[in-house]
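Visitor: Starting off with a structure, shown below.
No lab work stands behind these numbers, since they all come straight from the coordinates. All figures in this text were calculated on a predicted structure; none of them were measured in a lab. Note that each Cβ is placed from the backbone with ideal geometry, even for glycine, and that neighbours are counted across all protein chains shown.
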Amino acid sequence: MAQFCVGSMLVWDIPVGLMSDGMGDLIMHVHHVGFFLMAASTMGYFSNGEHLGSAYAPFFFGCIELSSIPLQIVDLFHPKQKVWYAYLNKYPILQSINDMCRVLFALFFVLTRMLAFPYISLTGAIPDFWQASKDRPEFALPCQAVVVVNILFIILQLYWGILIVKQISKALLGGKKEEKKD
């Protein structure tokens, strides 16, 4: 899983993000660089080939990405993708698939990134890496770096999650209605 993530970051996400107008979001670039560093650490790039924390790779590089699958469909048919958006509006089945993917994305994001990610991080990964930094002083720097990046990723997941929950709330409750002034 970590090898795939390192490859996808180096070959696709980081280069495309740097060369594309649509991916000019600084937070996303920092996220991708941090994700690359986490995957590289897991593969042993910064610890003489010792695979630090590889037991967490299936969760952080696999399960967490469940929300990314429906997100790709939603992004494909986003109004900013004019041709694909027009195509979406021609076919009701595509609209149904897109609507279903919106719900799946929100559900998977909340479950995996807002709930499971902080829980696994705070009860497992962060304490384990912190302890490893004490037990293995030769790997203290990469282990402590993983702790710091993981904490930053918890904050980022919660920030993005709050934005998603606001969108869910807006969709379910409708936008704020202005009160009439007499």
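Visitor: For the range 2-169, calculate the relative contact order in percent as a whole number, restricting contacts to Cα pairs under 8 Å that are 6 or more residues apart.
Guide: 19
Visitor: Right, another one. Can you report the principal axis dimensions of the range 2-169 using only the alpha carbons, biggest first, rounded to whole angstrom?
Guide: Projected onto the principal axes, the Cα atoms of the range 2-169 cover 60, 33, 23 Å.
Visitor: Order of GLU50, GLU65 from fewest to most other C-beta atoms within 10 Å?
Guide: Ranked by crowding around the Cβ, least crowded first: GLU50, GLU65.
Visitor: What is the packing order of peptides 75-84, 138-147, 37-46, 98-107, taking the mean over residues of other C-beta atoms within 10 Å and listing the highest first?
Guide: Peptide ranking by packing, descending: 37-46, 138-147, 98-107, 75-84.
Visitor: Ordered by residue, what ³J(HN,Hα) values in Hz, to whole numbers, does the range 25-33 give under the Karplus form 6.51 cos²θ - 1.76 cosθ + 1.60, where θ = phi - 60° and Gly and Pro are x?
Guide: 7, 4, 4, 5, 4, 4, 4, 5, 5
Visitor: Amide H of LEU52: which non-local residues (sequence gap of 5 or more, or other chain) have their own amide H closer than 5 Å, using H built in the peptide plane?
Guide: GLY44
Visitor: Before anything else, pin down the relative contact order of the range 71-182: Cα pairs under 8 Å, at least 6 apart, normalised by residue count, whole percent.
Guide: Once divided by the residue count of the range 71-182, the mean separation gives 21 percent.
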